[in-house]
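The next block holds one structure in the form of structure tokens; read it before the comments.
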Amino acid sequence: MTTRAQASNLGLVLLLALTITGAGVVVAFGSSALTDVQDSTSIDRAEHAMTLLDARAAVVGLGEGSVQTVRLGDSSGGDYAVESESGWLRIRHVNYTEGEPPEEIYNASLGSVTYTKGDTTVAYQGGGVWRQGERGGTSMVSPPEFHYRGTTLTLPVIRVQSTDAASGDIRATVRREGDLKRVYPNETATDTDGPGAPYDVENEDGSIRQYVNPVRNGTVDVTVHSDYYEGWADYFRTRTTGNVSVDHDNKTATVVLETANQVGAFPLPEKGESIPIRGISDGHSVTDFQTSVKKDGGTFNNIFVSFYVEEGDKAYEAAVEVPSGIGNNYCDGDEAGSATLTMDVYYHDASTPEGVHRWTNSSIPSDSGDVQLACDDGDTVIEVDFTGTEQNLTYGSSSITEDTAIDWDERNESATQKPDPTTFGHNEDGEPREYEYTDEQNLRILTRHYFATFDEEFDLTVYHGPGNRGTSQISTSESGGTLRYDTISGTSYITYLHVTENNVTVELQ
């Protein structure tokens, strides 16, 4: 009887102990879960508040209002802070001038407004809102002010130019700080602000370098240094197909965009150097290609000038030859009436069985037309309009006797052999069309067709001869040309750049 009573009492004690322990565990886990829910709610509320702040700051920073106020709400144990020196943004134009260091177009701090609770931070920076968790990963809540469409990059840099901190029930007041500053293009900066205006760049001769569109040559890169650099990198990848890289040690994200060039005038490169073609669109996209090559103090007899491309299996060359005996004396007037020029156009695609395309004309009058000689201060000038319609060439052979940049005889059969027919298979300028031996076509169609056989990027290289004497016969400083073509709307190219600096202050109350 006593033993049975003792066992009953022990069971009751154990039951009470288990009940109390279970209740404690439930309370502990419940309390932890409640804390997690409260923290998550606080972070979500902060994201919403920062998104509102983002919208109001854009109104002020982009000039649509001078003051805006937004209620951030209860900080719920977290802290709000405003910093003016956190993070920076830099824009560079690499190969702005051939052989020169990169041109730093812009470099300035971004500043930020942050809400921090525990290991999580929600930040407004660069016109966007970012969330960073306890493991350091960053996600984008709302996008920054980085707008890329077609080949145009619009980047209004919104900078926070104040410091503050607060907790509790917070209201933020955003004010514009100074006037909008135009960074790129700034061709009117010296007219409106005078010499020494912000972002004017002084050249060695004291003149002011002005940034203008379209952007030509090289690449443009945008680098952001930030605690939220991984979020910036992800955004760059979604908005462009440019080359995006991150430097974890320095907390930077960089996007590199190729310029779609050469659109417009170009100086004649030295022999063996190139005009970079970037972002040329598909099809017959060349609209204007002209060149003017001027004689210098050396001999101009028996000279030829060519532009050529070697890209993968494909090669192209267009060459003009000045026959012996007229180059030096042409501008004296004795030879102008009877002189003739020779022009050849070549093309080969090693992946096809067709062989080399050869187009020629050996009796081009030198005094008029799309291929001609002219005079400038007594010096002979070769002028070629590659997109003119007046100059015809005949399919089937070549006439230039000097060595061209590319050894075309080495690529297939002798130049005297009757060529196979060829078909121009695009859907522009009367194509598709088949050409047989002795058929004619004008220089514009040939130029537009053969350029269209290459990809969106290639180098158009300059060559002249005969031999190395060509380097002393041509004045590259007084020679040049124009090349314009339709550009692609790909998301790795840039043609137009628009950058402004927009400063704001944020006061927490």
Quick one: would you say Val246 is farther than 28 Å from Asp385 by Cα, buried (at least 20 other Cβ atoms within 10 Å of the Cβ), aliphatic (A, V, I, L, M) and outside the structural domain of Ser479 (by TED's automatic domain parsing)? no
Just wondering, is there one or more residues in the stretch 81-90 that are among the charged types (D, E, K, R), within 17 Å of Ile43 (Cα to Cα), more than 30 Å from the chain's Cα centre (by Cα) and not assigned by TED's automatic domain parsing to the domain that holds Pro276? no
Could you go through the stretch 135-157 and let me know if any residue there is touching a strand residue (DSSP E or B) at 6+ places or on another chain (Cβ under 9 Å), at pLDDT 95 or above and charged (D, E, K, R). no
Those residues of the stretch 98-125 which are in contact (Cβ under 8 Å) with a residue 24 or more places away in the chain and out of contact with any strand residue (DSSP E or B) (no Cβ under 9 Å at 6 or more places or on another chain) amount to Glu98, Gly118
Does the stretch 261-282 contain at least one residue that is hydroxyl-bearing (Ser, Thr, Tyr) and at pLDDT 85 or above? yes
Go through the stretch 375-407 and give me each residue that's of a type in the set (A, V, I, L, M, F, W, C) and either at pLDDT 90 or above or buried (at least 17 other Cβ atoms within 10 Å of the Cβ) (or both). Val381, Ile382, Val384, Phe386, Leu393, Ile400, Ala405, Ile406
Residues in the stretch 72-95: is at least one in a helix (DSSP H, G or I) and surrounded by 15 or more Cβ atoms within 10 Å (Cβ to Cβ)? no
From the list Ile364, Ile400, Ile445, which residue is within 29 Å of Pro267 (Cα to Cα), within 38 Å of the chain's Cα centre (by Cα) and β-branched (Val, Ile, Thr)? Ile445
Of the residues in the stretch 207-228, how many are within 16 Å of Val157 (Cβ to Cβ) and not in a loop (DSSP other than H, G, I, E, B)? 6
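The values are calculated or read from the model by the stated rules, or taken from the named source; none is laboratory data. The model shown is predicted, which means the values in this text are computed figures rather than measured ones. Quick reminder, even Gly has a Cβ in these numbers, built from the backbone with ideal geometry, and neighbours come from all protein chains shown.
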